[in-house]
Amino acid sequence: MTQEKVESDEAEHAAVFKENGTGEFKASEKTDEKPATPSGGDIFQTLGKAGPLLLLALLAAHVWHGFVGTVLYCPPEADSILLYKLTAQSGQWLVTAPGDMVQWPVFTWFLTLLAPLLTHLDLARNLLFPAAAALGALLALFAVYGLSRAAGFGAQAALATGLILLCSPVFALMPHFTGPETLGAALLLLSLACICRGLQKERDWLSLPAGFLLAALAGLCSGLFHALLPLLAGFLFLVWTGKMRRQRAPDAIAGFTLFLLCLTVWLGCLIYTNSTGYVRYLQQNLFLFPWPPQDSWWLPLAFAGAGLVPWIALVICVSWNRVLLSALSDLKTSRAERAGTAFVWISLLAGCVLSLVSPETESVALCLLCLAAILLGKALLRLSALGSRIFYGITALCLLFAGLALTASGFAFSLDALTHALSFTLAPEQRELLLSLKTAPIVGTICLVAALVLARFVKRGMPGGALLACALISVALTQSVTLLLAPALEAVPQAQLRRADDINPKQASPAPMAKPAEPPDSARIPEQPPAPEQDAGQGMQEAAPPEAVPKEDSPATSSPENQRQEQPSP
């Protein structure tokens, strides 16, 4: 009986599982390939069923102190808050760009809808901006989870994707950042999830129109990149799968009509309210121009790659021998059985191409980071035992080096030794800024302890526990940064951190963008020429021709032509 049980177990583990379009698995007849069993083990099989609840709990652990303590805002956050307050004061909800500030309107609408909800719940008004940041990050996190599930990935891969996002150094700080970047990424990812689900069916009158509507809202939140990427990804997906007739289906036509109608109504309202100046400013600053590309075209890709440290190291830990051997067959099956995986790849590649000509670096990089995290989450669960050990060893080394750097930056002798060893110099104000952060060694000590804990998990061969440990480490580091480093930076003038109460609009409402801007004082033509001085006035009058010197009693000065010349230029 024992020998028969062992043989049956080996036959069961030899089957290769392939995903189909609905996310289910079916066993193939091939037995010569290695099974793609998740490396998370039983812990991921248990937690995968409650993945959204676990992600919600971890996000709440990230942001809880923002609702009970003092929150500080950096200059980009202060601009968004000031813009909301100025818009609420002026009442120009369509323009949302008074004065010399400009922003797409959806984030201001989001704050406007959230403010009465907090008032209805008897919550303080100073919780509006922390709640907006936390809710935007929650929507983005759930949107990534939903796109992973719509692409046909399992619950374990979707959970791994969410954990990777929460452990990335950029997205871990987004629940504390008040701005349109997170909300725009959430709307874009939700649009991709709806379009991915809708295009894989013959008819879907709910998902496909909703995806196009969310694409329009994403464009009105963060720019044309967010509006064009879902449309381009959907079109390329139909080309790849050979289902071009799907774009002529009634639900697809209705969704595209809804997309155009949403943008047309907004532009029509701007023209009706005489806000053409705002439209012109958006065209000059925020619209996407395909050529020539900007000088820093590589910044979104570099920023997205830096935001995925150390998870970008999964690329070198994957078994490329197995990937290359099955690459051709995977490409063929991606046109039918694995269409969702192909949609995610197409979205990421199309986003990389559009990012080369997009002027919005931060928001575009955040979207690329979220799309890449979906593929990295699936790759993480397919790592071999050796690849998993190598990857988490690299992660532990990154935490070790970060801890040593933060600890050394708190003391003058160690900071000078570190800069000398790395062969770079600091400006005097930069050195003074680092030495003023007295809590940096505490954060560095937390990083060192986290590196030891993660190395312990790697030594025991527990990749699932190591991923959860990384999520808890991310929570601990985020808390230490926001509770220890942020108050220390408040006293540093270079950081320019401000509180919400200090960000107040002026008493007078600024002029709307539709009116032409007034020229500076140096460019204005005075209504009356200034009186000449006593010492130099005589010489100037003698040197000037008689007609150049205006006379107060001359009748020529009262002619209409001279009156037009005396009026200041608009």
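The values are calculated or read from the model by the stated rules, or taken from the named source; none is laboratory data. Treat the numbers as computed from the prediction; the structure is a model and nothing was measured. All Cβ positions, glycine included, derive from the backbone under ideal geometry; neighbour counts span all protein chains shown. When the accessible area is computed, the model is the full protein with side chains, heavy atoms only, and any ligands, DNA or RNA have been set aside. Shrake-Rupley method; radii C 1.70, N 1.55, O 1.52, S 1.80 Å.
State whether one or more residues within segment 104-127 are at pLDDT 90 or above, open to solvent by 40 Å² or more (accessible area, probe 1.4 Å) and within 17 Å of the chain's Cα centre (by Cα).
No, segment 104-127 contains no residue that is at pLDDT 90 or above, open to solvent by 40 Å² or more (accessible area, probe 1.4 Å) and within 17 Å of the chain's Cα centre (by Cα).
Return yes when Lys378 is open to solvent by less than 50 Å² (accessible area, probe 1.4 Å), of a type in the set (D, E, K, R) and part of a helix (DSSP H, G or I) and no when it is not. Before the answer, list the steps.
Working: open to solvent by less than 50 Å² (accessible area, probe 1.4 Å): yes; of a type in the set (D, E, K, R): yes; part of a helix (DSSP H, G or I): yes.
For Lys378, the condition - open to solvent by less than 50 Å² (accessible area, probe 1.4 Å), of a type in the set (D, E, K, R) and part of a helix (DSSP H, G or I) - is met.
So in segment 401-414, with the set limited to residues that are surrounded by 18 or more Cβ atoms within 10 Å (Cβ to Cβ) and modelled with pLDDT of 85 or more, which one is farthest from Gly387 (Cα to Cα)?
Within segment 401-414, the first condition is being surrounded by 18 or more Cβ atoms within 10 Å (Cβ to Cβ), and the residues that meet it are 402-403, 406-410.
Still in the list and also modelled with pLDDT of 85 or more: 402-403, 406-409.
Working: Ala402: 23, Gly403: 24, Leu406: 29, Thr407: 30, Ala408: 32, Ser409: 33 Å.
Per the stated criteria, the residue is Ser409.
Taking the condition of being in a helix (DSSP H, G or I) and surrounded by 14 or more Cβ atoms within 10 Å (Cβ to Cβ), how many residues in segment 262-276 meet it? Please lay out each step first, then the result.
Quick first cut of segment 262-276, residues in a helix (DSSP H, G or I) only: 262-272, 276.
From what is left, the residues that are surrounded by 14 or more Cβ atoms within 10 Å (Cβ to Cβ) are 262-263, 266, 270.
Looking only at that region, the number is 4.
Looking at segment 48-75 only, could you name the residues that are closer than 23 Å to Phe391 by Cα and either at pLDDT below 80 or in contact with a Cys (Cβ under 8 Å, 6 or more places away or on another chain) (or both)?
Residue satisfying the conditions is Gly48 alone.
Quick check: anything in segment 135-152 part of a loop (DSSP other than H, G, I, E, B), open to solvent by less than 40 Å² (accessible area, probe 1.4 Å), closer than 30 Å to Glu337 by Cβ and among the hydrophobic types (A, V, I, L, M, F, W, C)? Spell out the reasoning first.
Taking segment 135-152 as the starting set, the residues that turn out to be part of a loop (DSSP other than H, G, I, E, B) are 151-152.
Now restrict to residues that are open to solvent by less than 40 Å² (accessible area, probe 1.4 Å): 151-152.
When the remaining residues are screened for being closer than 30 Å to Glu337 by Cβ, the result is 151-152.
Now drop any that are not among the hydrophobic types (A, V, I, L, M, F, W, C), which leaves 151.
Checked segment 135-152: at least one residue is part of a loop (DSSP other than H, G, I, E, B), open to solvent by less than 40 Å² (accessible area, probe 1.4 Å), closer than 30 Å to Glu337 by Cβ and among the hydrophobic types (A, V, I, L, M, F, W, C).
Being open to solvent by less than 40 Å² (accessible area, probe 1.4 Å) and either assigned to a helix (DSSP H, G or I) or under 20 Å from Pro169 (Cβ atoms) (or both) is the requirement here; does Ala476 meet it?
Values: open to solvent by less than 40 Å² (accessible area, probe 1.4 Å): no; either assigned to a helix (DSSP H, G or I) or under 20 Å from Pro169 (Cβ atoms) (or both): yes.
Taking the combined requirement at face value, the residue does not satisfy it.
Please verify whether segment 392-411 includes one or more residues that are outside any helix (DSSP H, G or I), within 21 Å of Val449 (Cα to Cα) and either free of Cβ contacts under 8 Å to residues at least 24 places away in the same chain or touching a helix residue (DSSP H, G or I) at 6+ places or on another chain (Cβ under 7 Å) (or both).
Initially, segment 392-411 is screened for residues outside any helix (DSSP H, G or I), giving 409-411.
Checking which are within 21 Å of Val449 (Cα to Cα) leaves us with 409-411.
Filter once more, so that each one left must be either free of Cβ contacts under 8 Å to residues at least 24 places away in the same chain or touching a helix residue (DSSP H, G or I) at 6+ places or on another chain (Cβ under 7 Å) (or both): 409-410.
Yes, the conditions are met somewhere in segment 392-411.
Considering only residues of segment 233-261 that are open to solvent by 30 Å² or more (accessible area, probe 1.4 Å) and of a type in the set (Phe, Trp, Tyr), which is modelled with the lowest pLDDT? Reasoning before the result, please.
Taking segment 233-261 first, the residues open to solvent by 30 Å² or more (accessible area, probe 1.4 Å) are 235-236, 239-240, 242-245, 247-248, 250, 253-254, 256-258, 260-261.
Restricting the remaining residues to those that are of a type in the set (Phe, Trp, Tyr) gives 235, 240, 256.
On the way: Phe235: 95, Trp240: 91, Phe256: 95.
Going through the qualifying residues, I end up with Trp240.
Restricting the search to segment 305-323, which residues are closer than 12 Å to Ser168 by Cα, open to solvent by less than 70 Å² (accessible area, probe 1.4 Å) and of a type in the set (Val, Ile, Thr)?
Matches in segment 305-323: Val309 only.
In segment 76-99, is there at least one residue being open to solvent by 30 Å² or more (accessible area, probe 1.4 Å), over 21 Å from the mean Cα position of the chain (by Cα) and either of a type in the set (Lys, Arg) or at pLDDT 85 or above (or both)?
First, pick out the residues of segment 76-99 that are open to solvent by 30 Å² or more (accessible area, probe 1.4 Å): 76, 79, 82, 85, 88-94, 99.
Narrowing further to those that are over 21 Å from the mean Cα position of the chain (by Cα): 85, 88-94, 99.
Filter once more, so that each one left must be either of a type in the set (Lys, Arg) or at pLDDT 85 or above (or both): 85.
Yes.
Residue check: is Phe177 open to solvent by less than 50 Å² (accessible area, probe 1.4 Å) and modelled with pLDDT of 95 or more?
Values: open to solvent by less than 50 Å² (accessible area, probe 1.4 Å): yes; modelled with pLDDT of 95 or more: no.
No: the conditions fail for Phe177.
Please go through segment 324-351 and pick out each residue that is open to solvent by 10 Å² or more (accessible area, probe 1.4 Å) and within 20 Å of Gly305 (Cβ to Cβ).
Trp345, Ile346, Leu348, Leu349, listed by residue number.
Test of understanding: among Leu426, Leu354, which residue is open to solvent by 50 Å² or more (accessible area, probe 1.4 Å), farther than 23 Å from Ala466 by Cα and not basic (Lys, Arg)? So that I can check it myself, show each step before the final result.
Details: Leu354 fails: open to solvent by 50 Å² or more (accessible area, probe 1.4 Å).
Testing whether each residue is open to solvent by 50 Å² or more (accessible area, probe 1.4 Å), farther than 23 Å from Ala466 by Cα and not basic (Lys, Arg) leaves just Leu426.
Does segment 46-70 hold any residues that are within 23 Å of Leu128 (Cβ to Cβ) and open to solvent by 40 Å² or more (accessible area, probe 1.4 Å), and which are they? Walk me through it before giving the result.
To start, the set of residues in segment 46-70 that are within 23 Å of Leu128 (Cβ to Cβ) comprises 56, 59-70.
Listed by number, the residues that qualify are Leu56, Ala60, Trp64, Phe67, Val68, Gly69, Thr70.
Which residue is modelled with the highest pLDDT, if the candidates are limited to segment 36-45 and must be surrounded by fewer than 17 Cβ atoms within 10 Å (Cβ to Cβ) and assigned to a helix (DSSP H, G or I)?
From segment 36-45, those surrounded by fewer than 17 Cβ atoms within 10 Å (Cβ to Cβ) are 36-37, 41-43, 45; that's our starting set.
Still in the list and also assigned to a helix (DSSP H, G or I): 42-43, 45.
Numbers: Asp42: 60, Ile43: 68, Gln45: 73.
Selected residue: Gln45.
For segment 432-445, enumerate the residues that are part of a helix (DSSP H, G or I) and either at pLDDT below 85 or within 27 Å of the chain's Cα centre (by Cα) (or both). I'd like the intermediate steps shown before the answer.
Of segment 432-445, the ones part of a helix (DSSP H, G or I) are 432-436, 440-445.
Passing the criteria: Glu432, Leu433, Leu434, Leu435, Ser436, Ala440, Val443, Gly444.
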